[in-house]
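Reading through the structure tokens given below for one structure.
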Amino acid sequence: MRKRDAPPRAKGTGRMILAAFAAALVMKCFLFDFMVADGRSMVPAIRPGMVLMVNRLAYGFHLPWPGGYLARWSLPKTGEVLVFFTPQGTLAVKRCGAVLPGGEFIALGDNSTDSYDSRSYGPIPAGRIVGKVIGIK
């Protein structure tokens, strides 16, 4: 008995699955991301376990790790909720309290008594922003 090649339909399905996976990975890394809130610093607006939709292109195009933007078209506005890397390298969700000259911003948690934010670690360079929260569920 001769061994047969996979039918053309199976090859096409495999390619479609691979293309869908690649498209989803590109979208997650560069366009939009979903994150689950952890911590109480943004209570009552964001409670632990809530799902956040993050627009990674809100302020510019950057690679998915800290290091700055390849192209930036705006800075956050006061009151916007941001996802960013803290000086310690962890992801945080805080509200923009103010934008400073030189491209830095003040990050403030809504729950000021239980928030580790710019009151503790100072201003954050805008290049550390991952994106803007555009949806909460």
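The values are calculated or read from the model by the stated rules, or taken from the named source; none is laboratory data. Model, not experiment: these values are computed from the prediction. Because the Cβ atoms are built from the backbone with ideal geometry, glycine has one as well, and the counts that use them run over all protein chains shown.
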Are any of the residues in segment 104-113 exposed (fewer than 12 other Cβ atoms within 10 Å of the Cβ) and closer than 24 Å to residue 32 by Cβ?
-> no
Every residue from segment 56-100 that is within 19 Å of residue 114 (Cα to Cα) and in contact with a Cys (Cβ under 7 Å, 6 or more places away or on another chain) | 79, 82
Lone unmet requirement of (1) surrounded by 14 or more Cβ atoms within 10 Å (Cβ to Cβ); (2) at negative phi for residue 68 = (2)
Criterion violated by residue 120 - all others in (1) of a type in the set (Gly, Ala, Ser); (2) under 19 Å from residue 39 (Cα atoms); (3) buried (at least 21 other Cβ atoms within 10 Å of the Cβ) satisfied | (3)
Which listed residue is of a type in the set (A, V, I, L, M) and at pLDDT below 95, from 52, 18 = 18
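Rundown of residues vs (1) hydrophobic (A, V, I, L, M, F, W, C); (2) under 16 Å from the mean Cα position of the chain (by Cα), yes/no style:
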| site | (1), (2) |
| --- | --- |
| 56 | no, yes |
| 76 | no, yes |
| 82 | yes, yes |
| 93 | yes, yes |
| 116 | no, no |
| 137 | no, yes |
Could you name every one of the strands (runs of 3 or more DSSP E) located completely within segment 34-137 that has at least 3 residues being not aliphatic (A, V, I, L, M)?
-> 60-62, 91-100, 129-136
Residues being modelled with pLDDT of 90 or more and over 15 Å from residue 135 (Cα atoms): count how many of those fall in segment 23-40.
-> 3
Residue check, residue 95 closer than 20 Å to residue 36 by Cβ and either among the hydrophobic types (A, V, I, L, M, F, W, C) or buried (at least 16 other Cβ atoms within 10 Å of the Cβ) (or both) = yes
